[in-house]
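Read-outs throughout are calculated quantities, based only on the coordinates presented, and are distinct from any laboratory measurement. Values in this document were obtained by computation on a predicted structure and should not be read as measured data. Positions of Cβ are generated from backbone atoms using ideal geometry, with glycine treated the same way; all protein chains shown enter the neighbour counts.
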Amino acid sequence: MILALHLPDGFLSLERAALGWLQAALVIAIALRMGVSDRQIPRMGVIAAAVFAAQCIAFPIVGGTSAHLLGAALAAIILGPWAAVLVLTVVVGIEATLLQDGGLLAMGWNLVNMAVFGALLGGVVFSALRNAPGAFVAGFLTAEMGAIAAAQEMGQTIPTSVSLPVMAVSHAVVGLVEGCATAAAFLLLLRARPDAVCANAPGQRLAALIVIACGLVVALL
Amino acid sequence: MAHRWSARTRVLLVFAFLVAVAATRAVPTAWAVLAGILLGGCIAARLSPLLILQRALVALPFLVAAVPLAFVGPPGRYESICATTVLSVAAAAWLAATTRFPDLARAMAQLGVPRVLVSVAIMAWRYLFVLAEEVGRMLRARTLRAPLGMSPRQQAVSAGRMAGSLMLRALERSERVYGAMRLRGFDPQ
C-alpha cells in the first residue's frame, strides 16, 4: 500500500475547499512576484518533471507498506523557496488533472500542504542552516507537517482524534526516510556541482511568515 | 459530441459539476442525477463508463481509511462520502480522458492561469516521460548491482543519491534546453 497524501474531493465542504484555494492563490501570487524570471522557466519545468520522476523512487517501510520520495524540500534546496512553490504547484496540478491523484476542489489544500508546508517550509529551514543536518530537518518537517495538516483539514469528515495520531506517527517514519534522502541528495549535489544549491534567496522572512500564517489557519480549523 | 466542445468548456463544466457534487453532499437523489449526467457525458464522449469508474478507484485508500465512520459517524455520512468522492474523481477522470494535455494547458491560459505557471507545466509535461525513463534505468541499474539486505537507512541514502543525481541530470538538461531556446530566438524578459 502506498501512503497517499493528496486529499480527494468529497471529503471537504464547499466553504472549506474555498478557504484552501484562497490561501493557495495568495501564496502563488506572492511567489510569482518574488523575482521569477523567464530565464528560469526551463529550469523550473525540468525540475518539476524531475520531482515527478523522483516520486517513482519508492522504498519499503515497516510491514509491507511503502512510501515514495516527496521531493519538495529537495526542490526548495535547488531552486529556493519561491520558484519551488511554483514547481510544486505544477506538480500538484498535473497530478490532480491527469492522474486524479488529489481532487480539483480540494487542490487548494493540497497546494497548501505541498507548496507551503513543503517548498516554503523546507526552503526556510534549509536556508537557516545550509548544511546536511539542515537538509535532513527540512525533509523530515515537510513530510511530517504535510501529513498533520492533511489530517487536520479532513477533520470535518474523519475525526482528528483518530487520524491525527495515525498520520503523525506513520509520517514520522516517512519523514526520517525523506530527511535521510534529502540530506544524501544535498551532499551529492554539493560535491558534484556546488552551484546547483540555491544561494540565499530573497524573502526568507516573508516565507517564514506565510508558513506560520497557514499553520495557524490549519490549526484553527 | 463532447469531443467537439472546447477544452475550456470542458474544464468549466467539470468544475461546475464538482461544485454541484460538493453542494449536494447530503442529498441522495442528487447523486443519482449527477451520476446520470456523468454517464451521459461518457456516452457523448464515446468513453466506456467502466474505464472512468476504474480510474475513480484511485480514491479507494481514502474510502478505506474512512470505513470506521460507517459505524461511529452520523447515519448516512459514510455513504455520502463514498458517493461524492467517487462522483468527483470520476468527473476528473472524464476530463483527463477527453482532453489532451496541450489543449488543457491552453484552456488554463485562457481561463487566466498565469503564463509562467502554464509554461512551466508544458515544459514539465514534455520532460516528464524522459526523466521517468531515466529513473527507470537508474532503478534497474541499482537492482542489477543487487543490493540485497540494505538497512532502511542505507535504502534512504541510496534513494537520496538517486534523487540527487536525477536532479543534476535534470539541471544539466534544462541548461541545454535553455541554450536551444535562446538559439531559436527565445527572449527572456
Practice task
Measure nothing but the geometry: give the 0 to 90° angle between the long axis through the Cα atoms of B:77-98 and the longest principal axis through the Cα atoms of chain B, rounded to 10°.
Solution key: 50 degrees
Practice task
Quick one: plug the Kirkwood hydrodynamic radius of the range A:103-221 (C-alpha pairs) into Stokes-Einstein at 25 °C, 0.890 mPa s, and report D in µm²/s.
Solution key: 164 µm²/s
Handout entry: Sites B:ALA26 and A:LEU220 - FRET efficiency at Förster radius 25 Å, r taken between beta-carbons, to 0.05
Key = 0.50
Practice task
Please identify which residues in the range B:156-189 have an amide N closer than 13 Å to a label point set 7 Å out from the Cα of A:ARG193, following the Cα→Cβ vector.
Solution key: B:164-179
Handout entry: 0 to 90° range, to nearest 10: angle between helix B:101-110 axis and chain B longest Cα axis
Key = 70 degrees
Problem - Separation between Cα centres of the range A:105-158 and the range A:168-221, rounded to whole Å - result: 7 Å
Practice task
Compute the whole-percent fraction of alpha carbon pairs in the range A:124-173 spaced more than 14 Å apart.
Solution key: 53 percent
Completion exercise
Those trypsin sites (Lys or Arg not before Pro) from the range B:1-59 that are DSSP loop and have at most 11 other Cβ neighbours within 10 Å turn out to be B:ARG46
Fill in the blank from the handout: In the protein assembly as shown, taking the dipole from +1 charges on Lys and Arg beta carbons and -1 charges on Asp and Glu beta carbons about the Cα centre, the listed residue (B:ILE43, B:THR29, A:ALA185) farthest towards the positive end is A:ALA185
Completion exercise
Taking the alpha-carbon centre of each part, the distance from the range A:12-62 to the range B:6-36 in Å is 26 Å
Exercise for the section: Evaluate 2.2 N^0.38 Å with N set to the residue count of the range B:35-77, then give the Cα radius of gyration divided by it. Expected result: 1.57
Exercise for the section: Compute the relative contact order of chain A as a whole-number percentage, counting only Cα pairs closer than 8 Å that sit 6 or more residues apart in sequence. Expected result: 25 percent
Handout entry: FRET efficiency, 1/(1 + (r/R0)^6) with R0 41 Å, evaluated for B:SER165 and B:LEU39 via beta carbons
Key = 0.30
Practice task
Over every pair of different alpha-carbon atoms in the protein assembly as shown, take the mean of 1/r and invert it; report that Kirkwood radius in Å.
Solution key: 21.7 Å
Completion exercise
For A:ALA67, other-chain or 5+-apart residues with amide H closer than 5 Å (H placed, Pro excluded) are A:PHE59, A:ILE61
Exercise for the section: Give the relative contact order (percent, whole number) for chain B; include only Cα pairs under 8 Å separated by 6+ residues. Expected result: 23 percent
Exercise for the section: Filter the trypsin sites (Lys or Arg not before Pro) in the range B:122-154 to those in DSSP coil with at most 11 other Cβ atoms within 10 Å of their Cβ, and list the result. Expected result: B:ARG145
Fill in the blank from the handout: quick shape note, the range B:75-189: Cα extents on principal axes in Å, largest first -> 52, 52, 22
Exercise for the section: In whole Å, largest first, what are the principal axis extents of the Cα atoms in the range B:2-100? Expected result: 47, 23, 19
Practice task
Principal axes first, then extents: for the Cα atoms of chain A, list largest minus smallest coordinate on each axis, whole Å, largest first.
Solution key: 46, 42, 31
Fill in the blank from the handout: Hydrophobic long helices for chain A, i.e. whole DSSP H runs reaching 24 angstrom or more by Cα along the axis with Kyte-Doolittle mean at least -1.0, come out as A:14-33, A:81-98, A:132-153, A:160-192
Completion exercise
Note: probe point = Cα of A:GLU15 + 7 Å toward Cβ; backbone nitrogen < 16 Å; residues of the range B:21-39 passing the test are B:22-26
